[in-house]
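The values are calculated or read from the model by the stated rules, or taken from the named source; none is laboratory data. Remember, predicted model here, so these are calculated numbers, not experimental data. Please note: Cβ atoms are built from the backbone with ideal geometry, for glycine as well, and neighbour counts cover all protein chains shown.
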């Protein structure tokens, strides 16, 4: 096969289910440009009124943390339980606290 | 799905000192604890290959699965049935897209996946190599084929690989309408004229055994089951799922007043299960090998669609590139 075919680039798709909610990642789609990605995302991800708004972003434009760094990044928060309200003991008779 | 274009960060320094054994142990204990594996996590190569094989087969099945039913879109008996069938076939295409995306997170490109299908090197569910000569076949496919697919797919919603599990949740939600519309078609025919009733029975006769075979070979001969269970890609064995399907489907056939084409089928009080007759695995093997009634036709149709669409794909890309170039010039 001689054809040096170029793939349509990949976009990540985010959908707002209804106003008041945040956009949420739902999957991805191939498209030639962002406008077409929105059109295709509409056909693929909102066939049953799953959304009122669509965001798309080129997958290659996303910067993500490395799973290998997960410990270094997220473990330090583990022993800081004083950041949670349940850390503090307050007598039962104190109300509305 | 899930940003497979992001390999630029840190892939080279992948866990410098940790050796393969520790990585594999850590991976398995994650799986054992029902944690999900995500695209950029370390995984054994065999796990990756198994998933690519299974997810792509699944995707190809959805895509080829559009063909037997697409056969009836122009001849659906009413506008309602036509609208429903178009929606269903569109869903199948969508399911293929979700699954290709999930497979792509494992490092294989969409083009490679499609090439494997069109070259005939990748498998798809053998059920789609059977023809749909009557309208009742559309009913039988929805009821039985989608019914069996749901039975197979629900446990995959808890699969250890995140993107596959998430795609499956979406698919299962949509699949339920497919089965119900199929049953409704069967019900209408079974309660119709004697000729329509015969048509429904004939469709059940032809689709019953292929549907039963959709669950794959018997556990004793299934080569991938044990490993897939350990990796939690699979949660139930082929025979367990097949039994579940038969147990819920036989009463539905009785409700329709149709006869399941298995002379040995009987209810077993002791086990509270139906016992079914022997399955003709020779037929299954033949269809899988490419000698089913429609194997050649299905692939040819797919190839033609792919070739005929080539100029559209290329033109769209060329147009987008031209637009981009113009915008940079204007800036």
Residue match in the stretch B:66-82 (condition: within 14 Å of chain A (Cβ to nearest Cβ) and part of a helix (DSSP H, G or I)): no
Out of B:112, B:92, sole residue that is part of a helix (DSSP H, G or I), out of contact with any helix residue (DSSP H, G or I) (no Cβ under 6 Å at 6 or more places or on another chain) and within 14 Å of another protein chain (Cβ to nearest Cβ): B:112
Unmet requirement for residue B:315, which otherwise passes all of (1) exposed (fewer than 10 other Cβ atoms within 10 Å of the Cβ); (2) within 14 Å of another protein chain (Cβ to nearest Cβ); (3) at pLDDT 95 or above: (1)
Those residues of the stretch B:36-65 which are in contact with a helix residue (DSSP H, G or I) (Cβ under 8 Å, 6 or more places away or on another chain), away from chain A (no Cβ under 14 Å) and over 19 Å from residue B:171 (Cβ atoms), in sequence order: B:44, B:46, B:47, B:50
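Listed here are the residues, each with its yes/no results for (1) more than 18 Å from residue A:44 (Cα to Cα); (2) modelled with pLDDT of 95 or more.
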{"residue": "B:76", "(1), (2)": "yes, yes"}
{"residue": "B:83", "(1), (2)": "no, yes"}
{"residue": "B:103", "(1), (2)": "no, yes"}
{"residue": "B:106", "(1), (2)": "yes, yes"}
{"residue": "B:122", "(1), (2)": "yes, no"}
{"residue": "B:126", "(1), (2)": "yes, no"}
Residues that are away from chain A (no Cβ under 14 Å), closer than 23 Å to residue A:7 by Cβ and surrounded by fewer than 12 Cβ atoms within 10 Å (Cβ to Cβ), drawn from the stretch B:280-312: B:304, B:308
Condition met for residue A:50 (closer than 17 Å to residue B:174 by Cβ and under 19 Å from the mean Cα position of the chain (by Cα)): yes
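For every residue, the table says whether it meets (1) closer than 24 Å to residue B:210 by Cα; (2) touching a residue at least 24 places away in the same chain (Cβ under 8 Å).
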| residue | (1), (2) |
| --- | --- |
| B:77 | no, yes |
| B:82 | no, no |
| B:90 | yes, no |
| B:95 | yes, yes |
| B:99 | yes, yes |
| B:111 | no, no |
| B:122 | yes, yes |
Yes/no for residue B:121 being in contact with a helix residue (DSSP H, G or I) (Cβ under 9 Å, 6 or more places away or on another chain) and more than 12 Å from chain A (Cβ to nearest Cβ): yes
Number of positions in the stretch B:24-34 that are surrounded by fewer than 16 Cβ atoms within 10 Å (Cβ to Cβ) and within 12 Å of chain A (Cβ to nearest Cβ): 1
Conditions (1) part of a helix (DSSP H, G or I); (2) under 19 Å from residue B:216 (Cα atoms); (3) at pLDDT 95 or above; number of the one not met by residue B:285: (3)
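To keep it simple, each residue is scored yes or no on (1) without any contact (Cβ under 8 Å) to a residue 24 or more places away in the chain; (2) farther than 30 Å from residue B:39 by Cβ; (3) within 14 Å of chain A (Cβ to nearest Cβ); (4) out of contact with any strand residue (DSSP E or B) (no Cβ under 9 Å at 6 or more places or on another chain).
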position: B:153; (1), (2), (3), (4): yes, no, no, yes
position: B:160; (1), (2), (3), (4): no, no, no, no
position: B:165; (1), (2), (3), (4): no, no, yes, yes
position: B:189; (1), (2), (3), (4): no, yes, no, yes
position: B:192; (1), (2), (3), (4): yes, yes, no, yes
position: B:204; (1), (2), (3), (4): no, yes, no, yes
position: B:213; (1), (2), (3), (4): no, yes, no, yes
position: B:217; (1), (2), (3), (4): no, yes, no, yes
Residues of the stretch B:273-312 satisfying the condition of being within 19 Å of residue B:261 (Cβ to Cβ), out of contact with any strand residue (DSSP E or B) (no Cβ under 9 Å at 6 or more places or on another chain) and in contact (Cβ under 8 Å) with a residue 12 or more places away in the chain: B:277, B:278, B:279, B:280, B:281, B:283, B:284, B:287, B:292, B:293
Selection status of residue B:260, in a loop (DSSP other than H, G, I, E, B), more than 20 Å from the chain's Cα centre (by Cα) and surrounded by 13 or more Cβ atoms within 10 Å (Cβ to Cβ): yes
